[in-house]
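The values are calculated or read from the model by the stated rules, or taken from the named source; none is laboratory data. Owing to the predicted nature of the structure, the values given are computational and were not obtained by experimental measurement. Ideal geometry is used to build each Cβ from the backbone, glycine not excepted, and the neighbour counts take in all protein chains shown. We work out accessible area using only protein heavy atoms, side chains counted, and drop any ligands, DNA or RNA first. Shrake-Rupley method; radii C 1.70, N 1.55, O 1.52, S 1.80 Å.
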Amino acid sequence: MEKRIALVTGANGEVGHLLLGKLAAGNYEVVALDLNDLDQTLSGFVKKFYKGDITDEALLSSIFQNEHIDIVFHLAAVLSTSGEKNPELAHHVNVGGTLNILKSANTISQASKKKITVIYPSSIAVYGLPDLVTKNSASFIGEGQFTNPITMYGINKLYGENLGIYFEKYYKLLEKSQERYIDFRCIRFPGLISAVTVPSGGTSDYAPEMIHTAAQGQGYESFVREDSVLPFMAMPDAVKALLLIADAQKEKLTQNVYNVSSFSVSAKEIAEIVLKVFPETMIGYNPDPARQRIVDSWPSNVNDTTARRDWSWSPDYDIKKAFEEYLIPEITKKYS
Ligand code: SER
């Protein structure tokens, strides 16, 4: 079978670190884009690397002109905590970058009359529960509920979802002969935990930070309360979800935007698991009011029934397996 040419933006990021290898081992040739030099550990998976800014129109247009891209994994983004430090920059990168991808893909796909699939990772940050009472009483939130985000990142992601749908279904609505070739598919991820990299700039970062610092023999002070609950997912499952939705038959997809979930856990429960494995670690709690507010506005769990039905989504890792078979052994190895 002919290989699909995949453009991966933000290739150096946490998801890219696992996705690139999986794509290269599968039916894909990888073209990667990142603001910084490509991480040496990833270079073997990449056919061509572009260093540059996702908002650079000339660069994106030349990538699509030259590389015959079939599918885009648009991973580049400024996450929620970084976004609150510089909301205008977050908007520029998250909205401007997504528009640039969609516009460049659309132009080239219309010229060649060839579909381009755009895979867009969105986030639980698109939700905004008004208060803790509502958060604690609302369970298994569906894609259409509580979409009132309080962060610039969440707002940008929600808009990016709608922008993708617009390019697939409605672009230049007034022009009767308008043909559209964008196939837009979006996954709303929970907090992701990788054994390979430590995140930066997110608000669900307390979970991975706690595990990674304990494995390095250091203590950790959590920036959220111990009773804070979020849905999380082990990175291999996030990559599995991206590959599954990329391979799904379009006729099976009843919507463009899908929740996915695997396990929900409190900061205290994570600490307890970590303390069992690294008993000498000290874990304390010193909630940062602003970051706490963000976590309190995100759901404890989401309903991913439609992803399970439409494209056979199911996670391989529940909480026990995520820690025992992936996080603890891999992270221990990483720092030993
Ligand atoms: N992990 C992201 C963040 O914390 C949420 O998608 O910003």
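Pairing residues of the range 178-203 that are at positive phi with residues that are within 13 Å of the ligand (Cβ to nearest atom), at Cβ distances under 7 Å and at least 6 apart in sequence or on separate chains, gives G201/V78; G201/L79; G201/T81; G201/S82. Mind listing just one residue for me: the one in the range 186-220 that is assigned to a strand (DSSP E or B) and of a type outside the set (S, T, Y) and, of those, farthest from the ligand (Cβ to nearest atom)? Checked the range 186-220; the qualifying residue farthest from the ligand (Cβ to nearest atom) is C186.
For the range 2-33, a tally of residues being open to solvent by 20 Å² or more (accessible area, probe 1.4 Å) and in contact (Cβ under 8 Å) with a residue 40 or more places away in the chain returns 9. The single residue among V118, V126 that is surrounded by 14 or more Cβ atoms within 10 Å (Cβ to Cβ), within 15 Å of the ligand (Cβ to nearest atom), touching a residue at least 60 places away in the same chain (Cβ under 8 Å) and β-branched (V, I, T) turns out to be V126. Using the structure shown, decide if A77 is under 24 Å from F189 (Cβ atoms), within 16 Å of the ligand (Cβ to nearest atom), part of a loop (DSSP other than H, G, I, E, B) and open to solvent by less than 70 Å² (accessible area, probe 1.4 Å). Considered against the rule, which asks whether it is under 24 Å from F189 (Cβ atoms), within 16 Å of the ligand (Cβ to nearest atom), part of a loop (DSSP other than H, G, I, E, B) and open to solvent by less than 70 Å² (accessible area, probe 1.4 Å), A77 comes out as yes. Look at I150 and say whether it is assigned to a helix (DSSP H, G or I), of a type in the set (A, V, I, L, M) and more than 18 Å from D56 (Cβ to Cβ). So I150 does not fit the description; no. The single residue among S204, S177 that is buried (at least 23 other Cβ atoms within 10 Å of the Cβ) and out of contact with any Ser or Thr (no Cβ under 6 Å at 6 or more places or on another chain) turns out to be S204.
For the range 86-97, a tally of residues being open to solvent by 30 Å² or more (accessible area, probe 1.4 Å), free of Cβ contacts under 8 Å to residues at least 60 places away in the same chain and under 19 Å from D205 (Cβ atoms) returns 2. For the range 226-237, a residue qualifies if it is within 16 Å of the ligand (Cβ to nearest atom), closer than 25 Å to S137 by Cβ, touching a Phe, Trp or Tyr at 6+ places or on another chain (Cβ under 9 Å) and not polar (S, T, N, Q), and the qualifying residues are L230, P231, F232, M233. Of the residues making up the range 248-277, not one is of a type in the set (D, E, K, R) and in a strand (DSSP E or B). Every residue in the range 30-68 that is under 16 Å from I119 (Cα atoms) and not in a helix (DSSP H, G or I), please. The answer is V30, V31, A32, L33, I54. Considered as a group, the residues in the range 278-310 that are assigned to a loop (DSSP other than H, G, I, E, B) and acidic (D, E) include one that is farthest from the ligand (Cβ to nearest atom), and that residue is E280.
Listed here are the residues, each with its yes/no results for (1) closer than 30 Å to K114 by Cα; (2) in contact with a Cys (Cβ under 6 Å, 6 or more places away or on another chain); (3) crowded, with 22+ Cβ neighbours inside 10 Å.
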| position | (1), (2), (3) |
| --- | --- |
| N136 | no, no, no |
| S139 | no, no, no |
| I150 | no, no, no |
| I165 | yes, no, no |
| E168 | yes, no, no |
| R188 | yes, no, yes |
| S194 | no, no, yes |
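Here G154 meets the list (1) within 16 Å of the ligand (Cβ to nearest atom); (2) under 23 Å from A307 (Cβ atoms); (3) open to solvent by 30 Å² or more (accessible area, probe 1.4 Å) almost entirely, failing just condition (3).
Among all positions in the range 58-71, there is at least one residue which is on the phi > 0 side of the Ramachandran plot, at pLDDT 95 or above and surrounded by fewer than 23 Cβ atoms within 10 Å (Cβ to Cβ).
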